[in-house]
Amino acid sequence: MQRATLDLWVGIFVVAGIAAILFLALKVGNMGSFDSASTYTVKASFENIGGLKVRAPIKSAGVVVGRVSNIGFDSKTYEATVSLKLDTRYKFPKDTSASIMTSGLLGEQYIALEAGGEEKMLSDGNTLKITQGAVVLENLIGQFLYNKSEGEAKPAAPR
């Protein structure tokens, strides 16, 4: 009898430990939000999305206002099309701009929304016209090195 009770408590603690690990894994992977808040979908096109992923946050003034729901490629314009699911609690003007930003130097990428001044608000199915793609660190380093080597090759002007 004593042994069976001990085995039962060990089993309960093992199940609780597995549940805690599963919960933490879902939280870290941004999969833990099972909220059923109503959303509306807005599309945006970018020349370069860098490392943006589905379920990446959409932020405005540092507050998460939605998530990226889909990423595709438009073969006519050769741009990436991104579907944004925004929470209906947050309304944005039609002239809102979207930029792909990075948290820190090498952190995750997210979409930053900058509200415009128009009186009409975005609704389901609208498209953002003003977008700015991701800044690719490798391109910046390449431009810096190219400009630096170009500057060294030129002789100094005589005085």
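The values are calculated or read from the model by the stated rules, or taken from the named source; none is laboratory data. Quick caveat: nothing in here was measured; it's all calculated off a predicted structure. All Cβ positions, glycine included, derive from the backbone under ideal geometry; neighbour counts span all protein chains shown. Accessible surface areas use protein heavy atoms only, side chains included; no ligands, DNA or RNA. Shrake-Rupley method; radii C 1.70, N 1.55, O 1.52, S 1.80 Å.
Quick notes on this structure:
- Projecting the Cα atoms of Gln132, Ala61, Leu24 onto the dipole axis of region 1-149, where Lys and Arg carry +1 and Asp and Glu carry -1 at the beta carbon, places Leu24 farthest toward the positive end.
- Counting only protein heavy atoms and a 1.4 Å probe, region 1-149 has 69 square angstrom of accessible area per residue.
- Result for the chain in a Gaussian network model with C-alpha springs under 10 Å: among Ala19, Ala98, Ala44, the largest mean-square fluctuation is at Ala19.
- Crossing angle, helix 2-28 versus the chain [Cα axis fit, 0-90 degrees, rounded to tens]: 20
- Other residues within the sphere of radius under 10 Å centred on the Cβ of Gln132, judged by their own Cβ, net out at -2 (K and R +1, D and E -1).
- Over the chain, relative contact order from alpha-carbon pairs under 8 Å, at least 6 apart, %: 23
- Applying both filters, DSSP loop and at most 16 other Cβ atoms within 10 Å, to the GluC sites (Glu not before Pro) of region 46-133 gives Glu47, Glu108, Glu118, Glu119.
- Anisotropy class of the chain from Cα gyration tensor, a/c 1.5 cut: oblate
- About its Cα centre, the chain has a charge dipole of approximately 120 debye under the convention of +1 per Lys or Arg Cβ and -1 per Asp or Glu Cβ, with nothing else charged.
- Residue with peak Gaussian network fluctuation, the chain [Cα springs, cutoff 10 Å], from Ile71, Ile49, Ile18: Ile18
- Relative to the longest principal axis of the Cα atoms of the chain, the long axis of helix 137-153 makes an angle of roughly 30 degrees.
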